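Okay, so here's the structure we're looking at.
The values are calculated or read from the model by the stated rules, or taken from the named source; none is laboratory data. This structure is a prediction, so every number in the text was calculated from the model and none was measured. Don't worry about glycine lacking a Cβ; one is built from the backbone with ideal geometry, like all the others, and counts go over all protein chains shown.
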Amino acid sequence: MSRYIFRTIFSALPTLIGVLTCVFLLTRLIPGDPALLILGENAPQEQILQLRKDLGLDQPIYVQYFHYLYQVFHGNLGISLRTERSVIKEIMDVLPYTTELAIAGIFVSVIIGVPIGVISANRRNTMTDFVAMTFAILGVSMPVFWTGILSTLLFSLYLGWLPAIGGGDPANLIDRILHLILPSTAIGMAASAITARMTRASMLDVLHQDYIQTARAKGLEELKVLYKHALRNALIPVITVVGLNMGRLLGGTIVTEIVFARPGMGKLLVDAIYARDYPQVQGVVAFFAAMVIIVNLLVDLAYSIADPRVELS
Amino acid sequence: MSRVLMRTLRDLFLISFVLVSFSSVGSTENILKARLLGNISTIDGAKINQVNDHVIAENVYSHLVRYKPGSVDIEPDLAVSWTISRDGKVYTFNLRKGVKWHKEFGGFTAKDVKYSIERTLDPKTKSPNAGDFSLVDKVEVIDDYTVRISLKEPYAPFLTVTLPYRAGWILNQAAVEKFGSEYGLNPIGTGPFIFDRYIPGTEVVLSANKDYYAGPPKLDRIVFKPISEETVAEIALERGDIDIMYFRSPEVYQRLKVKKGIVVEEKTGPGIYSLVFNIDKKPFSDPRVRKAIHHAINKDQIVKYILGGIATKGTNVLPPNFLSYTEAVTQYDYSLEKAKGLLREAGFGEGFKTTLYYSQLSPWPLVVPVIQEDLKKVNIDVELKGLEHASLMSFIRARKHDFGVQPMLRPPDPDMIFYLMFHSKGTFNATGYRSEDENIEKARVEMSLDKRKAIYVQLQKKVVEDSPTIPLFYLKVLVARKPYVKGHPVDLLNGFWGYSTYIEK
């Protein structure tokens, strides 16, 4: 097991380096000079050139690149150009909010998507199936921006049931959960569509198996047949999908955090891009990449636990 | 799921619902919840160059002289009186006694002024405001309550722009040194509010400075919440999650103006929003072409229908509330005939093709398609290219465009417009205009108010006549608030004056 973990992390390194390289190059391709943005447009040219030198921006790009990689692999993500605080510190301040949003989003996608998939599979080709799958398509088509604002209007403004903005009082767990309901639903809806379709397909596969027919013939309650026997085996591909959804969900946090005025890494990233805060942009993207890699690793492990037939090799 | 579990979850939900609904009741403190347009970066006075930081800093720090809240006139702040030498180069300030720094950092004295200015000038500080003090020769502490600032050459706007704006915040040396790299989130000032708490991405809390020299503010606390999206802020205001907000969107303005229970206030700001020509590039090097385009644009239509009340028509390169503003400049009425006539004269009767570069920051994306349509009518084929705001500003600054847009929001002194936009050395010169350098330089060193005004009147006439830019509109500063928020002056310069504001429920 531990060998497997180690090997997976090791093989994820090229992916991580690839992501870091891409973001390094992309940020430098956007027009706009960080030194100019820090010092303001009224600053004298010599001062701007000096700051570029201090930030290492006057070095050839490959020098900056290798310096950056060296720093990252020593755990140093650099200093934010805007705030002059450590990039890691800036990220740590808001990481819990993004993490809880992503997890809540996955949770929502599972509790909505899985039952819909099960019901759809069980009532295949009926009206229920059709409605459920249409709902799934709608979920993935409606932009988070739109569903977010609409749900805020309904549940926050008109009904007053839920808060509209913010992440909640950090010390108050109930408050944080209440602040999570709308954003996680907005972000989980799209993911739930994929989960629903995957569950449905997987369930259809399983429901045709002999042991299911046997269970029904033995007189077992339908609910037990579906959930205790069929779903358990159908869940394996679904777990995989959850892992794949994570990347999409983390990307979705960017828009969600803006729509719900929530603190988080998504908002941090957007602000950093506007300010051409290269170290911050690189740091946040590196974190996102690492999170996706870790989640997929956990998914692989869960996979091997859920299905004894699967051997970690 | 088991019955017990279901019941427990239901009870939990109900309890929390009740708790949250009652959480806002019961406080006897006067607390204002205000919108910030985004997250803060640093409240180190020497390093601020964005709006959100400015809002906080303006309540935490003081200046030697400051803008009267809601106005562009100046009044004493930490300096109670001052004299200016005859040659305009030496300013001697008599400082207020008994002013205390926040959190027991002692009493304010002249050495704090010297420290603040020298620190801003120090290249190690990397201050965006260093350029504002580039004319400072030396700062001398005469005694604890007298400080003398000597300039290398006279600079008329020193008192009306440099000191009351960002460069002029006064900082405390012991505090800066104590907090070091963390000072940006632990600012210490002499202002009416103390920087109390910062939860990243969630709120900035300021609490009343009970020892403020003019008496404690009416509010006990201000809670600033960062909300970048305008519609979201609108919902938050309606819900009461915030009590007051500054905003920009014309759609939000339309809706809030007619909403019961919300008060909208507006005031023309010191900003001028223009189209700019690169006068070194054909065909814009010919003034007839520029004037033709000026006549071809229907500004009234833009202001009325596109901007829907959030702006007023631009007729002069100076906004109306600036010193020396005059209406006696060339008027470019909307006239397709005049436009076509001038184009024919210049040899472009058949029209030409060009590209208009614009910023994606509101309201430009709404305005430029109308410009495109207007110019089509005189056979000018305009391709629109939108750039992200900071990218556009770099692009324009480097004069890579032929035809572009330029928003300009600076403290209200004519030198800010004329020097920065129309002097050959101006950092915001997007046109290449350079024929009035001498007069612009004369005006900035002229200490007699009347003589200065006269030079600027001539400059306005000349620049509007030459038309290197087309002033399109002046944006209003927009504030929406609940009726129980009182005493808040609409701040024209990205600030937020919390001192006189209070809640009366």
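Within region B:244-268, which residues are in contact with a helix residue (DSSP H, G or I) (Cβ under 8 Å, 6 or more places away or on another chain) and among the aromatic types (Phe, Trp, Tyr)?
Result: B:Phe247, single match.
Quick check on this structure: which one of A:Ala261, A:Ala289, A:Ala272 is assigned to a loop (DSSP other than H, G, I, E, B), out of contact with any Pro (no Cβ under 6 Å at 6 or more places or on another chain) and surrounded by 21 or more Cβ atoms within 10 Å (Cβ to Cβ)?
Details: A:Ala289 fails: assigned to a loop (DSSP other than H, G, I, E, B); A:Ala272 fails: assigned to a loop (DSSP other than H, G, I, E, B).
The unique qualifying residue is A:Ala261.
In region B:209-236, what residues are more than 10 Å from every other protein chain (Cβ to nearest Cβ) and buried (at least 17 other Cβ atoms within 10 Å of the Cβ)? Show your work before the answer.
At the first step, the residues of region B:209-236 found to be more than 10 Å from every other protein chain (Cβ to nearest Cβ) are B:209-224, B:230.
Listed by number, the residues that qualify are B:Asn209, B:Tyr212, B:Tyr213, B:Pro217, B:Lys218, B:Leu219, B:Asp220, B:Arg221, B:Ile222, B:Val223, B:Phe224, B:Glu230.
Please go through region B:179-202 and give me each residue that is without any contact (Cβ under 8 Å) to a residue 12 or more places away in the chain and not in a helix (DSSP H, G or I), ordered by number.
Of the residues in region B:179-202, the ones without any contact (Cβ under 8 Å) to a residue 12 or more places away in the chain are B:179-182, B:186, B:197, B:199.
B:Asn186, B:Arg197, B:Ile199 - these are the residues of region B:179-202 that are without any contact (Cβ under 8 Å) to a residue 12 or more places away in the chain and not in a helix (DSSP H, G or I).
For the structure I just gave you, tell me whether A:Leu36 is in a helix (DSSP H, G or I) and at the interface with chain B (Cβ under 9 Å from one of its Cβ atoms). Write out each step before concluding.
Values: in a helix (DSSP H, G or I): yes; at the interface with chain B (Cβ under 9 Å from one of its Cβ atoms): yes.
In short, yes.
Pairs only if they're at least six apart or on different chains, beta carbon under 9 angstrom, first in region A:269-283 and within 8 Å of chain B (Cβ to nearest Cβ) and on the phi > 0 side of the Ramachandran plot, second among the β-branched types (Val, Ile, Thr) and in a loop (DSSP other than H, G, I, E, B); list them, first residue then second.
Qualifying pairs under 9 Å: A:Arg276/A:Ile30.
So which of B:Val205, B:Val176, B:Val147 is at pLDDT 95 or above, within 14 Å of chain A (Cβ to nearest Cβ), touching a helix residue (DSSP H, G or I) at 6+ places or on another chain (Cβ under 6 Å) and outside any loop (DSSP other than H, G, I, E, B)? Even if it seems obvious, please write down each step before you answer.
Details: B:Val205 fails: touching a helix residue (DSSP H, G or I) at 6+ places or on another chain (Cβ under 6 Å); B:Val147 fails: within 14 Å of chain A (Cβ to nearest Cβ).
After applying the criteria, what remains is B:Val176.
Here are some residues: A:Val87, A:Val118, A:Val110, A:Val144. Which one is β-branched (Val, Ile, Thr), more than 14 Å from chain B (Cβ to nearest Cβ) and within 22 Å of the chain's Cα centre (by Cα)? So that I can check it myself, show each step before the final result.
On the way: A:Val87 fails: more than 14 Å from chain B (Cβ to nearest Cβ); A:Val118 fails: within 22 Å of the chain's Cα centre (by Cα); A:Val144 fails: more than 14 Å from chain B (Cβ to nearest Cβ).
None of the others qualify; the one that does is A:Val110.
Sort out which residues of region B:200-248 are more than 21 Å from the chain's Cα centre (by Cα) and of a type in the set (Gly, Ala, Ser), and write them in order of number.
B:Gly201, B:Ser207, B:Ala208, B:Ala214, B:Gly215, B:Ala236, B:Gly240, listed by residue number.
Pick from region B:386-430 the residues that are in a strand (DSSP E or B) and in contact with a helix residue (DSSP H, G or I) (Cβ under 9 Å, 6 or more places away or on another chain): which of them is nearest to B:Glu350 (Cα to Cα)? Please lay out each step first, then the result.
Applying the first criterion (in a strand (DSSP E or B)) to region B:386-430 yields B:386-387, B:403-409.
If we keep only those that are in contact with a helix residue (DSSP H, G or I) (Cβ under 9 Å, 6 or more places away or on another chain) too, we end up with B:386-387, B:403-408.
Numbers: B:Gly386: 26, B:Leu387: 29, B:Phe403: 19, B:Gly404: 22, B:Val405: 24, B:Gln406: 28, B:Pro407: 31, B:Met408: 33 Å.
Across region B:386-430, the extreme among qualifying residues is B:Phe403.
Based on what the data block shows, is A:Gln50 within 10 Å of chain B (Cβ to nearest Cβ) and farther than 25 Å from B:Leu185 by Cβ?
Working: within 10 Å of chain B (Cβ to nearest Cβ): yes; farther than 25 Å from B:Leu185 by Cβ: yes.
Yes.
Among residues belonging to region A:147-200 that are among the polar types (S, T, N, Q) and closer than 30 Å to A:Arg124 by Cα, point out the one that is nearest to the other protein chains (Cβ to nearest Cβ).
Step one: list which residues in region A:147-200 are among the polar types (S, T, N, Q), which gives A:147, A:151-152, A:156, A:172, A:184-185, A:192, A:195, A:199.
Narrowing the set further to residues that are closer than 30 Å to A:Arg124 by Cα leaves A:147, A:184-185, A:192, A:195, A:199.
Numbers: A:Thr147: 14, A:Ser184: 15, A:Thr185: 15, A:Ser192: 19, A:Thr195: 20, A:Thr199: 19 Å.
Only one residue tops the list, namely A:Thr147.
Can you find a residue in region A:218-234 that is outside any helix (DSSP H, G or I) and either of a type in the set (Lys, Arg) or under 26 Å from A:Val87 (Cα atoms) (or both)? Before you say what the answer is, go through the steps one by one.
Taking region A:218-234 and keeping what is outside any helix (DSSP H, G or I), we get A:218-221.
Within this subset, residues satisfying the condition of being either of a type in the set (Lys, Arg) or under 26 Å from A:Val87 (Cα atoms) (or both) are A:218.
Yes, some residue in region A:218-234 is outside any helix (DSSP H, G or I) and either of a type in the set (Lys, Arg) or under 26 Å from A:Val87 (Cα atoms) (or both).
If a residue must be closer than 15 Å to B:Val55 by Cβ and hydrophobic (A, V, I, L, M, F, W, C), how many such residues does region B:205-248 contain?
The number of residues fulfilling the criteria is 12.
Within region B:383-400, identify whether any single residue is within 12 Å of chain A (Cβ to nearest Cβ), of a type in the set (Val, Ile, Thr) and crowded, with 16+ Cβ neighbours inside 10 Å, and answer yes or no.
The answer is yes; a qualifying residue exists.
If a residue must be of a type in the set (Gly, Ala, Ser) and on the phi > 0 side of the Ramachandran plot, how many such residues does region A:75-114 contain?
Looking only at region A:75-114, we keep the residues that are of a type in the set (Gly, Ala, Ser), and these are A:75, A:78, A:80, A:86, A:102, A:104-105, A:109, A:113.
Filter again for on the phi > 0 side of the Ramachandran plot, leaving A:75, A:78.
Adding up the residues that qualify gives 2.
Taking the residues in region B:83-138 that are in a helix (DSSP H, G or I) and among the hydrophobic types (A, V, I, L, M, F, W, C) as candidates, determine which candidate is surrounded by the most Cβ atoms within 10 Å (Cβ to Cβ). Working first, answer last.
Quick first cut of region B:83-138, residues in a helix (DSSP H, G or I) only: B:102-104, B:110-121, B:123-125, B:130-133.
Filter once more, so that each one left must be among the hydrophobic types (A, V, I, L, M, F, W, C): B:110, B:113, B:117, B:121, B:130, B:133.
Values: B:Ala110: 21, B:Val113: 24, B:Ile117: 26, B:Leu121: 19, B:Ala130: 22, B:Phe133: 21.
If we take residues in region B:83-138 being in a helix (DSSP H, G or I) and among the hydrophobic types (A, V, I, L, M, F, W, C), then B:Ile117 is surrounded by the most Cβ atoms within 10 Å (Cβ to Cβ).
Could you grab the pairs with beta carbons closer than 8 Å, sequence gap of 6+ or different chains, first residue in region B:425-451 and within 14 Å of another protein chain (Cβ to nearest Cβ) and under 30 Å from B:His401 (Cα atoms), second one in a helix (DSSP H, G or I) and of a type in the set (Lys, Arg)?
Here the result reads B:Thr427/B:Arg397; B:Phe428/B:Arg397; B:Ala430/B:Arg397, each pair linking region B:425-451 to a residue that is in a helix (DSSP H, G or I) and of a type in the set (Lys, Arg).
Here is a yes/no grid of residues against (1) surrounded by fewer than 21 Cβ atoms within 10 Å (Cβ to Cβ); (2) within 14 Å of chain A (Cβ to nearest Cβ); (3) not in a loop (DSSP other than H, G, I, E, B):
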{"site": "B:Ser41", "(1), (2), (3)": "no, yes, no"}
{"site": "B:Ala46", "(1), (2), (3)": "no, yes, yes"}
{"site": "B:Asn49", "(1), (2), (3)": "yes, yes, no"}
{"site": "B:Asp53", "(1), (2), (3)": "no, yes, yes"}
{"site": "B:Ile56", "(1), (2), (3)": "no, yes, yes"}
{"site": "B:Arg66", "(1), (2), (3)": "no, no, yes"}
{"site": "B:Pro69", "(1), (2), (3)": "yes, no, no"}
{"site": "B:Ser81", "(1), (2), (3)": "yes, no, yes"}
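Report whether or not A:Asp129 is acidic (Asp, Glu), part of a loop (DSSP other than H, G, I, E, B) and either closer than 20 Å to B:Asp241 by Cα or more than 14 Å from every other protein chain (Cβ to nearest Cβ) (or both). Spell out how you get there, then give the answer.
Numbers: acidic (Asp, Glu): yes; part of a loop (DSSP other than H, G, I, E, B): no; either closer than 20 Å to B:Asp241 by Cα or more than 14 Å from every other protein chain (Cβ to nearest Cβ) (or both): yes.
It is false that A:Asp129 is acidic (Asp, Glu), part of a loop (DSSP other than H, G, I, E, B) and either closer than 20 Å to B:Asp241 by Cα or more than 14 Å from every other protein chain (Cβ to nearest Cβ) (or both).
Which is touching a Ser or Thr at 6+ places or on another chain (Cβ under 7 Å) and buried (at least 18 other Cβ atoms within 10 Å of the Cβ), of A:Ala136, A:Ala132?
Details: A:Ala136 fails: touching a Ser or Thr at 6+ places or on another chain (Cβ under 7 Å).
Answer to the selection: A:Ala132.
Among the residues of region A:186-232, which ones are without any contact (Cβ under 8 Å) to a residue 60 or more places away in the chain and within 23 Å of the chain's Cα centre (by Cα)?
none
If a residue has to be within 14 Å of chain B (Cβ to nearest Cβ) and hydrophobic (A, V, I, L, M, F, W, C) to count, how many in region A:66-84 make the cut? Steps first, please.
If we filter region A:66-84 for residues that are within 14 Å of chain B (Cβ to nearest Cβ), which is where we start, we get A:78-84.
In the following step, the residues that additionally are hydrophobic (A, V, I, L, M, F, W, C) were identified as A:79, A:81.
The number of residues fulfilling the criteria is 2.
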